[in-house]
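See structure below.
Computed from the coordinates by the stated procedures, all read-outs in this text should not be read as laboratory data. Owing to the predicted nature of the structure, the values given are computational and were not obtained by experimental measurement. Methodologically, a virtual Cβ is constructed for each residue, glycine included, from the backbone with ideal geometry; neighbour enumeration extends over all protein chains shown.
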Amino acid sequence: MGDTLSQAEIDNLLNALSSGELNPDELDENQEKSVKGYNFARPSKFSRDHLRTLEIIFENYGRLLSTNLPAYLRKQVTVEVMNAEANTYSEFSNALSNPVLLGVVNFAPLESNVIVELAANLGFTIVDRMLGGFGNPLDKSRDFTEIELVILERILEICTNLLIEPWENVVAISPRLERIETNSQFAQFISPTEMTAIITMNIKVGDIEGLMNFCIPYSCVESVIDRLNTKYWYAAMKEDASGKYQETIQGVLDHALIPVRAMLGRSSISVNDFANLQLGDIIKLDTKVDDELDVYVGNIKKFTALPGATSKSYAVRVTSIIREE
């Protein structure tokens, strides 16, 4: 219908109104309804809240990486979550270049697999550090050798196991690294049109920086998508923070060994006298026999004590506790 009605159209409209075939209220409701476009080629399944929750999860994961990887690489590791976005898997796979380092992680009991992409320069840096080098990447890119892939597989398995704790507030997972792919042509693990959440993390090993991308298909987290919201995540985190690790941490601290030493006294002598010390020589200290001794825990003075003996060993008896205040 055009913007201007013809006389015949006006007559038909008036007849419909007078006969009751057309209800003016229904006409107003139809006019108020707005049509929202929907892209069937790229359906939006991850909301902004879902992506924000994934960022929080992987920020926790990044802290675990920066804590655990230095024990293997013997270099400082810093991890930062850059962003989280929703894209089709075809966009992720088309951005891959050879050589590529892809880890296929089984997220059991969730369905489908999660893809982990590690930058090639980070891969060569990790190999160099694991083999005793300075952690310098290659000047010219090349394919990874079988020995290098075995070394990288060990590191990726460590990274995979660290995923358990960050995800425990959403679902208890048992991730397992299934295999590593180095050719982007064999990276078609899921449907190209499948919507995925891409979490990009910047990893710095020493002075070398590179990206680690996690590609999470919607089919993988579909069963727990309702839990991927900040309200649920923080509520679960608050419940877990009720002190369930307190006894374990307390037990470890109780058995920690710390050095304790009692200072008998001090004395100053010349280098010549020190060099000529003989058995039976006496060194005069600046304390008396009945003076209290300073007792140090580590390098902090914590107690005063009197000297004595127990059985056949020297000992001190604590007389006072020195507090910070």
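Between T310 and T200, the modelled labels are 6.3 nm apart [label points 7 Å from Cα along Cα→Cβ]. For the pair I249 and S19, label points projected 7 Å from Cα toward Cβ lie 8.0 nm apart.
Based on the Cβ-Cβ distance from L138 to I300, what FRET efficiency comes out when R0 is 45 Å, to the nearest 0.05?
With a Förster radius of 45 Å, E is 0.40.
The charge dipole of the chain, taken about its Cα centre with unit charges on the Cβ atoms of Lys, Arg (+1), Asp and Glu (-1) only, comes to about 2160 debye. In the range 101-168, Cα pairs under 8 Å separated by at least six residues give a relative contact order of 22 percent.
With neighbours defined as other Cβ atoms within 10 Å of a residue's Cβ, the residues H50, H255 order from fewest to most as H255, H50. Number of Lys-Lys pairs in the chain with C-alpha atoms under 30 Å apart and a separation of 8 or more places or on different chains: 17.
Using the 10 angstrom Cβ neighbour count as an exposure proxy, how do K75, K231 rank, fewest first?
By the 10 Å Cβ count, ascending, the order reads K231, K75.
Estimated from helical segments only, the mean residue ellipticity of the chain at 222 nm is -10000 deg cm²/dmol, where each DSSP H run of four or more residues counts as -39500 (n - 2.57). Where is the GNM fluctuation largest for the chain (alpha-carbon springs, 10 angstrom cutoff): S268, S223, S191? Residue with maximal mean-square fluctuation among S268, S223, S191: S268. When the chain is described by a simple charge dipole with +1 on each Lys and Arg Cβ and -1 on each Asp and Glu Cβ, the residue from L51, G280, V171 located farthest towards its positive end is G280. First obtain the Kirkwood hydrodynamic radius of the range 126-280 from its Cα pairs, then insert it into the Stokes-Einstein equation at 20 °C and 1.002 mPa s, and state the resulting D in µm² per second as a whole number. Roughly 98 µm²/s, to the nearest whole number. Compactness of the range 46-90 is given as radius of gyration and Dmax, 13.4, 39 Å, from Cα positions. Take every Cα pair under 8 Å whose residues are at least 6 apart in sequence, average their separation, divide by the length of the chain, and the relative contact order is 18 percent. When the Cα positions of V77, I321, L131 are compared along the charge dipole of the chain, I321 comes out farthest toward the positive end, with charges on each C-beta of Lys, Arg, Asp and Glu.
Shape verdict for the range 91-134, please, from the Cα gyration tensor: rounded (a/c under 1.5), prolate (a/b greater than b/c) or oblate. It is oblate, given that a/c is not under 1.5 and a/b is not larger than b/c. Candidate values [x] 1.75; [y] 1.16; [z] 1.06 were compared with Cα Rg over 2.2 N^0.38 Å computed on the shown model; the agreeing label is [x]. Projecting the Cα atoms of N213, G103, L306 onto the dipole axis of the chain, where Lys and Arg carry +1 and Asp and Glu carry -1 at the beta carbon, places L306 farthest toward the positive end. Please work out the FRET efficiency for the pair E222 and T67, using the Cβ-Cβ distance as r and a Förster radius of 30 Å; give the result to the nearest 0.05. It comes to 0.45. Between the amide H of L293 and those of A305, L306, distances stay under 5 Å, these residues lying 5 or more places away or on another chain, with hydrogens modeled in the peptide plane.
Classified by the C-alpha gyration tensor, the range 36-138 has a prolate form. Its axis ratio a/c, with a ≥ b ≥ c, is 1.5 or above, and a/b is larger than b/c.
Once both labels are positioned 7 Å from their Cα atoms along Cα-to-Cβ, the gap between K288 and T319 label points is 1.1 nm.
Shown for the chain are the DSSP H helices of 20 Å or more along their axis, judged by Cα atoms, with a mean Kyte-Doolittle hydropathy of at least -1.0: 48-68, 146-161. In a reduced charge model with +1 at each Lys and Arg Cβ and -1 at each Asp and Glu Cβ, the range 257-296 shows a dipole moment near 120 debye about its Cα centre. Starting from a Cα-only point model with no solvent, please compute log10 I(q)/I(0) by Debye for the range 257-321 at q = 0.21, 0.22, 0.27 1/Å. Log10 I(q)/I(0), no solvent term: -0.96, -1.00, -1.14. For the range 48-240, the alpha carbon positions stretch 45, 35, 25 Å along the principal axes, listed from largest to smallest. Each of Y218, Y296, Y89, Y314 was scored by other Cβ atoms within 10 Å of its Cβ. Arranged with the fewest first, they read Y314, Y296, Y218, Y89.
In the Gaussian network model of the chain, springs joining C-alpha atoms below 10 Å, which of V252, V79, V289 carries the largest mean-square fluctuation? Judging by the Gaussian network model, the answer is V289. Normalising the average separation of contacting C-alpha pairs (under 8 angstrom, six or more residues apart) by the number of residues puts the relative contact order of the range 48-240 at 35 percent. Remark: the R179-E80 segment gains 33.1 nm on full extension, using 0.36 nm per residue and subtracting the alpha carbon distance.
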